[in-house]
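Asker: Please see the structure below; I have some questions.
The values are calculated or read from the model by the stated rules, or taken from the named source; none is laboratory data. The shown structure was predicted, so the numbers you read here are calculated from the model rather than taken from an experiment. Note that we place each Cβ from the backbone using ideal geometry, even for glycine, and neighbour counts take in every protein chain shown. Heavy atoms of the whole protein, side chains included, go into the accessibility calculation; ligands, DNA and RNA do not. Shrake-Rupley method; radii C 1.70, N 1.55, O 1.52, S 1.80 Å.
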Amino acid sequence: MLTNLLLILVSSIFVNNFLLSRFLGECPFLGVSKQVETATGMSVAVVFVMTMTAAITYLINYYILVPFGLEYLQIIAFIVVIASLVQFVEMVIKKTSPTLYQALGIYLPLITTNCAVLGVALLNVQNPYNFIEAVVNGFGSSVGFAFALISYAGIRERLALAPIPKALEGFPSALIGAGLLSLGFLGFRGLV
Amino acid sequence: MIQEILYPLLVLGGMGLLFGAVLAYASQKFYVEVNPLQQKVRDALPGANDGGCGFASCDAYAQAVAEGRADINKCVVGGQAVAEALAAIMGTDAGTVKKRIARVMCKGTDNNAVKKYKYHGVKDCRAANALSGGDKECEFGCLGLGTCERVCPFDAIHVTAEGIAESDEEKCTGCGMCVDVCPKNVIQLIDISKRVIIFCNNHDKGKRVRQICKVGCIACSICVRQCPEKVITMDNDLAVINYDGCTNCGACIPRCPTKTILNLDEIISEVVAS
């Protein structure tokens, strides 16, 4: 049981990393990765939203949608959950940390349309997970997201200071960096 | 039959109600006071979000004004009217808005400037500039491919038939977007009241300028000596006016051998006359 959970955790963080292996949720990955600080704030928000989404959508799917035979409403129902959660997180951040709220800017509401979050919800109901496994998978995926985002922000902070050719400054170097990081994660393939 | 409609309706409606209730509660619990002054200031601003005031957005400027961190006469798009509206809200004196206009410091038209090669690439000055500094022998001049024209949110700058950009005084708000995008740094923001302008950006030596452009500044320094206010100086073989002291007297204009210095009012009246 415990090994099973550990396997799910490792696989969702490293092997099936949403950003670098599944290529979902790239928008905040490129948008908020200029500073480690904002990347961390974004990551915490995503961890909360993703884990909660995994739990709530699991319950909604197996206790409401399946009994009524409404599986075809999965996407719209999950989106309602995600949108509400993001709205909630936005309110909390606005209240607790105005500076973080300013720094995240447009990317905070964009978690709503972050395909990684919806991806967690949809992949969870496709796999034969039980409730705990689904939550662990959601949590692991979000930690993997955070892991990739923050380490990438660290790379970009150093890249900003490095003497790179003028033509590669800014986005080109960011995209190349993202590609290299994703190649690095390729090394985890076959781990689980 | 009824169930096929009723159940989804109940399920989604119920979820909506439940989440709505939670969010309504949260919005009360986590309510953040917004300065009502800031809201008023924001409503008075034009909402162009062009950054001409030095802030990222109208919202940011409104916040700065409401907190007393920024002057009320910074909005160039709104001009005097908005400054007065903000003054009324903030209860201070409006002052005057210094309107600045983007000026393309080049008259190196296709007739005046010598080309070094035929450019057939993307119509973008930045792309052309990457190919050994563009197709003009003068490496400081306007390339005339209209990158500034495309970024201008106010349709205020256009490439003329002669192949250089010219700004439209009426439409230009002085937001500076063209200034930022120009790879040659040939566009400058100059106070609208300053009418005598040296339309050249070339720092080459006089002899070289003679070879490549009919209207370039050849660094002869005649204008420097002519200026009664002593506001013209030589900066690396280019005559530059310090506009703070310029009185538009035009004493520098008649003696300029290459006719690089122009009086805008005279150009405009000539155009009207013709």
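Asker: Say whether the condition of being within 19 Å of A:Leu30 (Cβ to Cβ) and touching a residue at least 60 places away in the same chain (Cβ under 8 Å) is met by at least one residue in the range A:56-77.
Answerer: no
Asker: In addition: Going residue by residue through the range B:251-265, is there one that turns out to be among the small types (Gly, Ala, Ser) and under 30 Å from B:Leu131 (Cα atoms)?
Answerer: no
Asker: Return the total of residues in the range A:55-74 being in a helix (DSSP H, G or I) and within 12 Å of another protein chain (Cβ to nearest Cβ).
Answerer: Going through the range A:55-74 one residue at a time, the tally reaches 12.
Asker: Related question: Select from the range A:13-54 the residues that are under 20 Å from A:Val125 (Cα atoms), in a helix (DSSP H, G or I) and open to solvent by 20 Å² or more (accessible area, probe 1.4 Å) and list them in ascending order.
Answerer: A:Ile13, A:Val47, A:Phe48, A:Thr51, A:Met52
Asker: Across the range A:86-129, which residue is least open to solvent (accessible area, probe 1.4 Å) among those that are of a type in the set (Gly, Ala, Ser) and within 14 Å of another protein chain (Cβ to nearest Cβ)?
Answerer: Among residues in the range A:86-129 that are of a type in the set (Gly, Ala, Ser) and within 14 Å of another protein chain (Cβ to nearest Cβ), the one least open to solvent (accessible area, probe 1.4 Å) is A:Ala121.
Asker: To continue, here is another question. Can you name every residue in the range B:129-156 that is of a type in the set (Lys, Arg) and assigned to a helix (DSSP H, G or I)?
Answerer: The one that is of a type in the set (Lys, Arg) and assigned to a helix (DSSP H, G or I): B:Arg150.
Asker: Also: Go over the candidates B:Gly134, B:Gly108, B:Gly144, B:Gly174 one by one and state the one that is buried (at least 19 other Cβ atoms within 10 Å of the Cβ) and in contact with a helix residue (DSSP H, G or I) (Cβ under 7 Å, 6 or more places away or on another chain).
Answerer: After ruling out the rest, the residue left standing is B:Gly134.
Asker: A further question on this structure: Give the range B:50-79 a look and list any residue that's acidic (Asp, Glu), within 14 Å of chain A (Cβ to nearest Cβ) and assigned to a loop (DSSP other than H, G, I, E, B), or say none.
Answerer: B:Glu67 - this is the single residue of the range B:50-79 that is acidic (Asp, Glu), within 14 Å of chain A (Cβ to nearest Cβ) and assigned to a loop (DSSP other than H, G, I, E, B).
Asker: Determine the pairs where a residue that is at the interface with chain A (Cβ under 10 Å from one of its Cβ atoms) and without any contact (Cβ under 8 Å) to a residue 40 or more places away in the chain, located within the range B:1-22, has a partner that is open to solvent by 80 Å² or more (accessible area, probe 1.4 Å) and of a type in the set (Phe, Trp, Tyr) with Cβ atoms under 9 Å apart, the partner being 6 or more residues away or on another chain.
Answerer: Sorted first by the residue in the range B:1-22, then by its partner, the pairs are B:Gln3/A:Phe68; B:Tyr7/A:Phe68; B:Pro8/A:Phe68; B:Pro8/A:Tyr72; B:Leu10/A:Phe68; B:Val11/A:Phe68.
Asker: Looking at B:Cys213, B:Cys217, B:Cys227, B:Cys200 in this structure, which one is without any contact (Cβ under 8 Å) to a residue 40 or more places away in the chain and buried (at least 17 other Cβ atoms within 10 Å of the Cβ)?
Answerer: B:Cys227
Asker: Please determine, by comparing only the residues of the range B:1-32 that are among the β-branched types (Val, Ile, Thr) and under 19 Å from A:Glu90 (Cα atoms), which one is modelled with the lowest pLDDT.
Answerer: B:Val32
Asker: Which one is nearest to the other protein chains (Cβ to nearest Cβ) among residues in the range B:23-49 that are open to solvent by 50 Å² or more (accessible area, probe 1.4 Å) and in a loop (DSSP other than H, G, I, E, B)?
Answerer: Here the answer is B:Phe30.
Asker: State whether the residues of the range B:242-258 include one that is open to solvent by 30 Å² or more (accessible area, probe 1.4 Å), touching a Leu at 6+ places or on another chain (Cβ under 8 Å) and either more than 25 Å from B:Cys125 (Cβ to Cβ) or at pLDDT 90 or above (or both).
Answerer: Within the range B:242-258, one or more residues are open to solvent by 30 Å² or more (accessible area, probe 1.4 Å), touching a Leu at 6+ places or on another chain (Cβ under 8 Å) and either more than 25 Å from B:Cys125 (Cβ to Cβ) or at pLDDT 90 or above (or both).
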